[in-house]
Amino acid sequence: MSEIPVSSPVAERFSAEQAVAAGTDFAELRVGPQGLFWNEFRPRDGACRIWHWRDGQAHCLTPDGFSVRSRVYEYGGGSFCLSDEGLVFVNEADQQLYSQGLQGDAPQPITLGERRYGDLRWAEGQVLAVEETHTAKGVEHRLVAVSQQQREVLAEGADFYAAPTLSADGARLAWIEWSRPEQPWTATRLLCRERRGDGQWGAALCIAGQQGPAQSLQQPRFDEQGRLYCLSDRNGFWQPWGETAQGWCALAATNADHAAAPWQLGACTWLPLEQQLYLATWFEGGFNRLGLCQADGSQQSVETDYSRLRCLDLDQHFFYAIAASPTRPPAVIAINRIDHRVQILAGGTSPLPAECISRPQPLSYPSGDGTAHGFFYPAMNGSKRPPLIVFVHGGPTSACYPALDLRIQYWTQRGFAVADLNYRGSTGYGRAYRQALHLRWGEIDVEDACAVVGHLAKRGLIDPSLAFIRGGSAGGYTTLCALAFHDVFRAGASLYGVSDPQALARATHKFEGDYLDWLIGDPLTDSERYQQRTPLLHASRIKVPVIFFQGELDAVVVPEQTRSMMAALKANGIHVEGHFYPSERHGFRTAASLAHALEEEWKFYRQVLQQSRGKPAPTG
């Protein structure tokens, strides 16, 4: 039996408030003739603000009372673009478009109404955008071009749209669309319209995704010559394809995913340059690489210390990215295009000295009939067999990354080891790995979460009798399934987690309206499978304490789900704690809520550890 974790002097100083306050993140980045712009989120007030970098200085453009965030598809993305006069952005409160100059001008509304906007692109004096309309009949999506004077519908009829992109000469318009029941990471289509001689748009033509095996396409791009490219996973990984002399072909690329799953709009992880040269990031063992890639397959690696790079852009002198490393939180960086020297423009400062940071160690381990992946973070108190916390990411078609997460460091500073999992079904390891979750959610993800405990125990890295599991959203579902169907963990934490998938199917939004059918099956014809994998129906099988955290405004996992699960556990005599936050939605954003949840979770685990002395270990 391990001893109760002993906090080091660093741990005593490194509070939940510090871990959260240092959690500044960056959502998007754009470069234009007037400089560099990024969208910055600070937990202190939960707002997102645009910053402008020019001539070595950065200043905030977004005034108080505004927050730049889209809620299209509920997850948003692409919330601002650069215009001829300044920028255009989506205001979080009303989801309308606003224009703003760069000289301290007050934002001015462009749109008025109940529509939402996202994935903004500026083109020829208009904003290209994905538009979302909520009516009594349901939710509709289309592509539009919006200006102060007019609104033009560019494409409609499909269920979902993304990434409207105009060629440099304005002659070609491309976009991604998909239809239910598909998700953007299962099957999408790339379409294009060409401008006729009279200035009007011609008919839409499907370039890829209409026929043949299902493929997911994302991030369409035009080069300076008007040739069209995009990422496709037709060959097993999200890699660049494009128009060549031989037709629509795969470009020479590393056999690796060059993007993550497109949960949010506006992603940019690759950019075509001149003469079929392109700048790209890709995953190797969960770590991001950055390089310049030639049409003949040769690569010039751009070496940095960063393990996670996203939101690429460039100008004549620099490559820009939002980046993080195992010892640095997210930062806006500029990479010199000649010597590849890195300059940090914003963020990137850790409150912990480098020697006090637990570094991610890649994990690959057998689980069931396959192999699972993730990262292991050793405890920082010197314990040889410390307690373990298994982190399960949300999504579930998402991923965790080997970049500094100060909330993970909060636990390693307090004597816990952490296993951050990319269970089967996660992205970054190719289409086959991602598709492995099809109809098996609540099964193989749970299998992987349990198997990592045995794997780390065999290596002598943790005490398997003191293993905990936690997760948010879909990760909360995996957590509750692991507690209900396996005897591996001492306790668990569910943060706005799914306890009743069928209830989620009835209440969820359009973007995920068919997701559960893909993950588990049809709620009617496969009802028995749902019953077998519904933690709420098997609450009597949970024998260990559970703590819950829930936002009262959550529209994805409604609070009633969490309250029902808590009531079922209490009825069975299980120790349960619940914390509900009146102003939070699906995923907490304010510093006060985040810090409170982190500290309450620590108190909860500490109490379980104190009560575990002398108790038999879980049987596995």
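The values are calculated or read from the model by the stated rules, or taken from the named source; none is laboratory data. Keep in mind it's a predicted model, so treat the numbers as computed, not measured. Positions of Cβ are backbone-derived with ideal geometry, glycine not excepted, and every protein chain shown enters the neighbour counts.
In the range 90-103, what count of residues is obtained for those that are under 11 Å from Leu61 (Cα atoms) and assigned to a strand (DSSP E or B)?
Initially, the range 90-103 is screened for residues under 11 Å from Leu61 (Cα atoms), giving 100-103.
If we keep only those that are assigned to a strand (DSSP E or B) too, we end up with 100-101.
Residues that pass the stated criteria total 2.
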Evaluate the following for Ala214: is it part of a loop (DSSP other than H, G, I, E, B), free of Cβ contacts under 8 Å to residues at least 40 places away in the same chain, touching a strand residue (DSSP E or B) at 6+ places or on another chain (Cβ under 9 Å) and farther than 22 Å from Gly118 by Cβ? no
Take the range 142-170 and flag every residue that is within 17 Å of Glu74 (Cβ to Cβ) and part of a strand (DSSP E or B). Phe160, Tyr161, Ala162
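Return a yes/no flag: does the range 68-78 have any residue that is at pLDDT 90 or above, on the phi > 0 side of the Ramachandran plot and of a type in the set (D, E, K, R). Lay out the reasoning, then the answer.
Residues of the range 68-78 at pLDDT 90 or above: 68-78.
If we keep only those that are on the phi > 0 side of the Ramachandran plot too, we end up with 73-74, 76-78.
Of the ones still in play, those that are also of a type in the set (D, E, K, R) are 74.
Yes: the range 68-78 contains one or more residues that are at pLDDT 90 or above, on the phi > 0 side of the Ramachandran plot and of a type in the set (D, E, K, R).
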Among the numbered criteria (1) in contact (Cβ under 8 Å) with a residue 60 or more places away in the chain; (2) buried (at least 22 other Cβ atoms within 10 Å of the Cβ); (3) not β-branched (Val, Ile, Thr), which one does Glu443 miss? (2)
Can you tell me which residue is nearest to the chain's Cα centre (by Cα) among those in the range 75-110 that are surrounded by fewer than 20 Cβ atoms within 10 Å (Cβ to Cβ) and within 25 Å of Glu512 (Cβ to Cβ)? Tyr75
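If you check Tyr530 against the conditions, is it within 27 Å of the chain's Cα centre (by Cα), among the hydroxyl-bearing types (Ser, Thr, Tyr), at pLDDT 95 or above and closer than 19 Å to Phe604 by Cα?
Details: within 27 Å of the chain's Cα centre (by Cα): yes; among the hydroxyl-bearing types (Ser, Thr, Tyr): yes; at pLDDT 95 or above: yes; closer than 19 Å to Phe604 by Cα: no.
No: the conditions fail for Tyr530.
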Across the range 58-74, what is the number of residues that are surrounded by fewer than 23 Cβ atoms within 10 Å (Cβ to Cβ) and closer than 18 Å to Leu143 by Cβ? 1
Do any residues in the range 568-591 that are over 26 Å from Ala19 (Cβ atoms) and without any contact (Cβ under 8 Å) to a residue 60 or more places away in the chain have Cβ atoms under 9 Å from those of residues that are among the charged types (D, E, K, R) and assigned to a loop (DSSP other than H, G, I, E, B), where the two are at least six apart or on different chains, and which pairs are they? Asn572/Lys543; Ile574/Lys543
Just give me the residues in the range 283-303 being touching a Phe, Trp or Tyr at 6+ places or on another chain (Cβ under 8 Å) and under 9 Å from Ala253 (Cα atoms), in sequence order. Cys293
From the list Gln550, Gln561, exactly one residue is of a type in the set (S, T, N, Q), touching a strand residue (DSSP E or B) at 6+ places or on another chain (Cβ under 7 Å) and surrounded by 22 or more Cβ atoms within 10 Å (Cβ to Cβ). Which is it? Gln550
Quick check on this structure: which one of Phe66, Phe37 is farther than 18 Å from Pro329 by Cβ, in a strand (DSSP E or B), among the aromatic types (Phe, Trp, Tyr) and in contact with an Asp or Glu (Cβ under 9 Å, 6 or more places away or on another chain)? Phe37
Return the pair list, or none, for Cβ contacts closer than 8 Å from residues in the range 333-357 that are surrounded by 16 or more Cβ atoms within 10 Å (Cβ to Cβ) to residues that are of a type in the set (Asp, Glu) and in a loop (DSSP other than H, G, I, E, B), at least 6 apart or on different chains. Val342/Asp305
Need the failing condition index for Ser473 against (1) within 17 Å of the chain's Cα centre (by Cα); (2) over 25 Å from Thr254 (Cβ atoms); (3) modelled with pLDDT of 95 or more, just the number. (3)
Let me spell it out: the conditions are (1) in a strand (DSSP E or B); (2) in contact with a Leu (Cβ under 7 Å, 6 or more places away or on another chain); (3) of a type in the set (Ser, Thr, Tyr), and Thr133 meets all of them except one. Which number is the exception? (2)
Qualifying residues in the range 183-203 (those that are buried (at least 19 other Cβ atoms within 10 Å of the Cβ) and in a loop (DSSP other than H, G, I, E, B)) - the one farthest from the chain's Cα centre (by Cα): Thr188
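Right, Val139: under 24 Å from Glu74 (Cβ atoms), in contact with a helix residue (DSSP H, G or I) (Cβ under 7 Å, 6 or more places away or on another chain) and either of a type in the set (A, V, I, L, M, F, W, C) or surrounded by fewer than 13 Cβ atoms within 10 Å (Cβ to Cβ) (or both) or not? Please lay out each step first, then the result.
On the way: under 24 Å from Glu74 (Cβ atoms): yes; in contact with a helix residue (DSSP H, G or I) (Cβ under 7 Å, 6 or more places away or on another chain): yes; either of a type in the set (A, V, I, L, M, F, W, C) or surrounded by fewer than 13 Cβ atoms within 10 Å (Cβ to Cβ) (or both): yes.
When the stated conditions are applied, Val139 passes them.
So in the range 33-57, with the set limited to residues that are among the small types (Gly, Ala, Ser) and surrounded by 17 or more Cβ atoms within 10 Å (Cβ to Cβ), which one is modelled with the lowest pLDDT?
If we take residues in the range 33-57 being among the small types (Gly, Ala, Ser) and surrounded by 17 or more Cβ atoms within 10 Å (Cβ to Cβ), then Gly46 is modelled with the lowest pLDDT.
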Filter the range 259-290 for residues that are crowded, with 16+ Cβ neighbours inside 10 Å, part of a strand (DSSP E or B) and without any contact (Cβ under 8 Å) to a residue 60 or more places away in the chain and give the result. Trp270, Leu271, Pro272, Tyr278, Leu279, Ala280, Thr281, Trp282, Arg289, Leu290
Across (1) closer than 19 Å to Val544 by Cβ; (2) not hydroxyl-bearing (Ser, Thr, Tyr); (3) not in a helix (DSSP H, G or I), Ala457 clears everything bar (3)
Among the candidates Leu314, Leu309, Leu363, which residue alone is buried (at least 16 other Cβ atoms within 10 Å of the Cβ) and more than 20 Å from Thr281 (Cα to Cα)? Leu363
Out of the residues in the range 393-420 that are hydrophobic (A, V, I, L, M, F, W, C) and in contact with a Leu (Cβ under 8 Å, 6 or more places away or on another chain), state the one that is surrounded by the fewest Cβ atoms within 10 Å (Cβ to Cβ). Leu406
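If you scan the range 21-32, which residues turn out to be more than 18 Å from the chain's Cα centre (by Cα) and buried (at least 19 other Cβ atoms within 10 Å of the Cβ)?
Kept after step one, since they are more than 18 Å from the chain's Cα centre (by Cα), are these residues of the range 21-32: 21-22, 30-32.
Selection gives Ala22, Arg30, Val31.
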Of (1) crowded, with 16+ Cβ neighbours inside 10 Å; (2) hydrophobic (A, V, I, L, M, F, W, C); (3) in contact (Cβ under 8 Å) with a residue 40 or more places away in the chain, Ala295 fails just (1)
Please enumerate the residues belonging to the range 219-258 that are at pLDDT below 95, assigned to a loop (DSSP other than H, G, I, E, B) and either under 19 Å from Val130 (Cβ atoms) or in contact with a Leu (Cβ under 9 Å, 6 or more places away or on another chain) (or both). Asp223, Glu224
